[in-house]
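Have a look at the structure below before the remarks.
The values are calculated or read from the model by the stated rules, or taken from the named source; none is laboratory data. What you are looking at is a predicted structure, and each value in this text was computed from that prediction instead of being measured. Positions of Cβ are generated from backbone atoms using ideal geometry, with glycine treated the same way; all protein chains shown enter the neighbour counts.
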Amino acid sequence: MQIPFDWTSWVNIPQNSDFSIQNIPFGIFKTATKSPRAGVAIGDMILDLTWLVENKFLDIPINTVNQNYLNDFIGLGKPTTNKVRYDIAILLKSDNTSLKNHADIKNGLIASRKR
């Protein structure tokens with residue numbers, strides 16, 4: 001599932017960002033209030049995969065994303081991880097407001113991704 005090049009996101013993505021809606025990498029992050037878990041980078045932000053599962057935006061086992069490594073998530077297989085990436089792109093797409101307007105989005109989309 002290739003993400004079309006003409007898709008744009010409602011997330012503000014800096015012009016020189018490596019993490020556009022067409023390039024959504026999986027990784028592990030933590031914050032002062034969140035334990036290590038899977039997320040994706042989008043611009044200078046991180047989208048919490050555990051939060052997406054808890055809020056029914058993704059239908060994957062939560063125990064594959066709420067840990068400090070990606071092995072179990074990647075172990076779901078390429079078709080699943082590709083579908084998750086595509087589903088996230090749809091949620092981040094400019095004309096999709098389901099995630100953008102979620103009452104608790106500030107807990108799912110983490111600002112100021114550190115490099």
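Can you tell me how many residues in the stretch 64-95 are farther than 16 Å from residue 3 by Cβ and touching a helix residue (DSSP H, G or I) at 6+ places or on another chain (Cβ under 7 Å)? Qualifying residue count for the region: 7.
Write out, first by first residue and then by second, each pair whose Cβ atoms fall under 6 Å of each other, whose residues are 6+ apart or on separate chains, and whose first residue, in the stretch 53-72, is farther than 20 Å from residue 86 by Cβ while the second is part of a loop (DSSP other than H, G, I, E, B) and not hydroxyl-bearing (Ser, Thr, Tyr). Pairs that qualify, where the first residue is farther than 20 Å from residue 86 by Cβ and the partner is part of a loop (DSSP other than H, G, I, E, B) and not hydroxyl-bearing (Ser, Thr, Tyr), are 68/36. Please verify whether residue 103 is more than 19 Å from residue 3 (Cα to Cα) and among the aliphatic types (A, V, I, L, M), treating the condition exactly as stated. When the stated conditions are applied, residue 103 passes them. Go through the stretch 17-58 and report how many residues are β-branched (Val, Ile, Thr) and at pLDDT below 90. Of the residues in that region, 2 qualify. Of the helices (runs of 4 or more DSSP H) lying entirely inside the stretch 30-101, those containing at least 3 residues that are of a type in the set (A, V, I, L, M, F, W, C) span 49-54, 78-92.
Of the numbered criteria (1) touching a Leu at 6+ places or on another chain (Cβ under 8 Å); (2) of a type in the set (D, E, K, R); (3) surrounded by fewer than 20 Cβ atoms within 10 Å (Cβ to Cβ), the one residue 48 fails is (3). Just for the stretch 102-115: of the residues that are part of a loop (DSSP other than H, G, I, E, B) and exposed (fewer than 15 other Cβ atoms within 10 Å of the Cβ), which one is modelled with the lowest pLDDT? So, considering only residues that are part of a loop (DSSP other than H, G, I, E, B) and exposed (fewer than 15 other Cβ atoms within 10 Å of the Cβ), the one modelled with the lowest pLDDT is 115.
Being surrounded by fewer than 19 Cβ atoms within 10 Å (Cβ to Cβ), at pLDDT below 95 and of a type outside the set (Phe, Trp, Tyr) holds for only one residue in 14, 79, 61, and it is 14. For the stretch 82-101, filtered to residues that are of a type in the set (A, V, I, L, M) and modelled with pLDDT of 95 or more, the residue that is surrounded by the fewest Cβ atoms within 10 Å (Cβ to Cβ) is 90.
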